[in-house]
Amino acid sequence: MFDLTHPEHVGDDEWEGLSQLRDRLERALRSGDHPLAVGTAKELCEAVAKLTWLRRGEQFASRTDMSQLVAQAHKLVGRLPGESGAMANEAREIAQTAMRLVSNLVELRDRAGTGHGRPERSSLDAHDAEFAAGVALLWSSWMLGRLDALVANSPETRRGPQAPDLLPRRDRASTASSGPCDAGGDGPTPDRHRSRPARGRWHLPHA
């Protein structure tokens, strides 16, 4: 249905954390554990929101709730409804809908997903679980793509070797191993337009 691909400017350690959540989500769907699928879908959105805060230089507190995390993440990537006057009405509506979908996912998790002990059997079915997983993957992919584009076009990243912490690891390694620049030259500059292989592409499992 939807996939999630390793963004260029998300570090390997950060991607590993997201990968673990995505793997857990896939296992829950395959095994028919619908509450776990919904709970993990919410966790994936939460992790992506927190990553967005951190990569944009913001700090969250342990008491920061999910609605704040998501709303600020949208603001940090320039897609908070009503705050970006240059956006077309349709794009603002999509951003508003995206926030609403994640909010509804959190409510579904609170009502029927994992994370709260309940004495009754869950009423979630496979369609509910797969839809929740699709919402999480769609929103996460969109948010990571927006974040990646912003980091790629930030002044620190465009300066290349002067800001190694914002470069992908393989670009940092190539910069470090390239040695001193030739006399009269400008030195190596990462080629942002070269093609690269797909990294960590995921798909929802088919029922």
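The values are calculated or read from the model by the stated rules, or taken from the named source; none is laboratory data. In this text, all values refer to a predicted model and were calculated from it rather than measured experimentally. So basically every Cβ, Gly included, is an ideal-geometry build from the backbone, and we count neighbours across all protein chains shown.
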| request: Report, by residue number, each residue of segment 1-34 that is surrounded by 15 or more Cβ atoms within 10 Å (Cβ to Cβ) and of a type in the set (Asp, Glu). | output: 8, 14, 26, 33
| message | Among the residues in segment 77-90, are any buried (at least 18 other Cβ atoms within 10 Å of the Cβ) and closer than 22 Å to residue 155 by Cα? | response | yes
| query | Here is a list of conditions, (1) at pLDDT 95 or above; (2) touching a Phe, Trp or Tyr at 6+ places or on another chain (Cβ under 7 Å), and residue 60 meets all of them except one; can you say which number that is? | reply | (1)
| What about residue 140, is it among the hydroxyl-bearing types (Ser, Thr, Tyr), at pLDDT 75 or above, assigned to a helix (DSSP H, G or I) and within 29 Å of residue 13 (Cβ to Cβ)? | yes
| remark: Selection over segment 88-103 where residues are in contact (Cβ under 8 Å) with a residue 24 or more places away in the chain and either on the phi > 0 side of the Ramachandran plot or among the polar types (S, T, N, Q) (or both) yields a count of 1
| task | Confirm whether residue 25 is outside any helix (DSSP H, G or I) and hydrophobic (A, V, I, L, M, F, W, C). | result | no
| Can you find a residue in segment 114-124 that is out of contact with any Cys (no Cβ under 9 Å at 6 or more places or on another chain), under 19 Å from residue 22 (Cβ atoms), modelled with pLDDT of 90 or more and buried (at least 19 other Cβ atoms within 10 Å of the Cβ)? | no
